[in-house]
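Colleague: Right, I'll just put the structure down here and ask away after.
The values are calculated or read from the model by the stated rules, or taken from the named source; none is laboratory data. This structure is a prediction, so every number in the text was calculated from the model and none was measured. Every residue, glycine as well, gets a Cβ built from its backbone with ideal geometry; the counts of neighbours run over all protein chains shown. Ligands, DNA and RNA are stripped out before the accessible areas are found, and what is left, the full protein with its side chains, is counted by its heavy atoms. Shrake-Rupley method; radii C 1.70, N 1.55, O 1.52, S 1.80 Å.
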Amino acid sequence: MTTIAILRERAAGETRVAATPETVGKLAKLGATVRVEAGAGQSASIRDADFADAGATVGDLSGTVNGADIVLGVAAPEPALLDGAKPGAMVAAICDPFGRRDNVDALAQAGYEVLAMEFMPRITRAQSMDVLSSQSNLAGYKAVLACADNFGRAFPMMMTAAGTIPAARAFVMGVGVAGLQAIATAKRLGAQVSATDVRSATREQIESLGAKPIFVDKVEGIEGEGSGGYATEMSDEYKAAQAELVSSHIARQDIVITTALIPGRAAPRLITDEQIATMKNGSVIFDLAVAQGGNVEGSVPDTTVERHGVKIIGYANTPAHLPADASALLARNFYNFLSAFWDEEKGAPVLDEEIGDAIRLTQGGKVVHERLSS
């Protein structure tokens, strides 16, 4: 019988957990034995007793990991935390292999099979396993709420006996999962919303949510979309045209939310200090890419920075500010992944090449992923 261990997260500010009572019960129905480290769900409002009632064995780290075939974590654990796990145990987590390459190498040397859930391919059958999408959706929502909390005015237009309050103007830069949710949330709060992206295919998505698309049209033949639907690095010509367009538009905005990320690269700079200086006093910018270097000049993780009368905010770990829902979605991603490959005869998951090769970082004591070979 396969033993699955759920660890308590140890990274500063990490409030999520890789399983919930719901998914513990489902994993048990597959035939797995589930162990949960005591206190793993505390920050996500899940008591140890809730895990136990769902069928998990709750205990200390040593007892949880000992003999484990599979270890699930939000962030990839350090090898020292896995002492006692079975040789070659599968470790599935959000691994940050470019930012934490040393940890990937250490896990490889320790003999674990490490699976980076953030490398899940953007294909139809893997949508329910996609941790980036599930967490980005919540991040886009939370970014708008954080802006509303820091903005000294109301979002919707209000007509009162004392006069009319105009609707806030919100501009979303980058229309991936987080950006789309940011657009939808800002619209629900009553803002006038506009959005831009380097991928021309997002124009219809923006319009479908009732927002105004802001696009560079004079530079032809640039789609900005790479494999898997991710944005790619743009040409200097496009960057110049985009900067000109953004500069003219951003000066009229009250709220700006930036979401642009390129996998494996530092976040592209979208907003300069000079552009910030053109914005109205009291405006708010939320930089969702602040942990990867930031889209906004001067942004600092988990710190409110004020420049030219504009507040610049951004969380190092935005989904962790919604721990209960973020954990619920993340746990379902893990369950959907394991259950999709569960072999009833072996009582364990057996990965196929398409998804297995896409997410496997280490195996047999070596780093095996092509993106980490250089």
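Colleague: Normalising by the residue count of the chain, find the relative contact order in percent from Cα pairs under 8 Å and 6+ residues apart.
Modeller: So the answer I get is 19 percent.
Colleague: Given the Cα-Cα distance of ALA12 and ALA162 and 0.36 nm per residue of separation, how much length would full extension add, in nm?
Modeller: 49.3 nm
Colleague: May I pose another question? Would you mind telling me the share, in percent, of accessible area of the chain contributed by carbon and sulfur at probe 1.4 angstrom?
Modeller: Of all accessible area on the chain, carbon and sulfur atoms account for 48 percent.
Colleague: For THR124 and ASP273 in one chain, what is 0.36 nm times their gap in residues minus the Cα-Cα distance, to one decimal in nm?
Modeller: Stretched out fully, the THR124 to ASP273 stretch lengthens by 49.6 nm.
Colleague: What residue among PRO121, SER136, GLN109 has its Cα farthest toward the positive end of the dipole of region 64-154, where the charges are +1 on Lys, Arg and -1 on Asp, Glu, each on the Cβ?
Modeller: The residue sitting farthest along the positive end of the dipole is SER136.
Colleague: Per 0.36 nm of contour for each residue apart, how much would the distance between PHE98 and LYS366 grow if the chain were fully extended, relative to their Cα-Cα spacing?
Modeller: Full extension of this stretch gives 94.9 nm more.
Colleague: Here's something else I'd like to know. For the pairs LYS280/LYS311; LYS142/LYS311; LYS346/LYS366; LYS29/LYS366; LYS142/LYS187; LYS212/LYS280, note any where the Cα-Cα span goes beyond 22 Å.
Modeller: Distance filter (> 22 Å) returns LYS346/LYS366; LYS29/LYS366.
Colleague: Please report the spacing between the Cα centers of region 179-197 and region 338-356 in Å, no decimals.
Modeller: About 39 Å separates the Cα centre of region 179-197 from the one of region 338-356.
Colleague: Restricting things to alpha carbons, tell me how big the chain is in terms of Rg and Dmax, in Å.
Modeller: That works out to 22.2, 72 Å for Rg and Dmax.
Colleague: Thinking of region 68-172 as a set of Cα atoms, what percent of all their pairs are more than 25 Å apart?
Modeller: Here the long-distance tail beyond 25 Å is 48 percent of all Cα pairs in region 68-172.
Colleague: Give me the percent of DSSP beta bridges within the chain that run antiparallel, rounded to the nearest 5.
Modeller: 25
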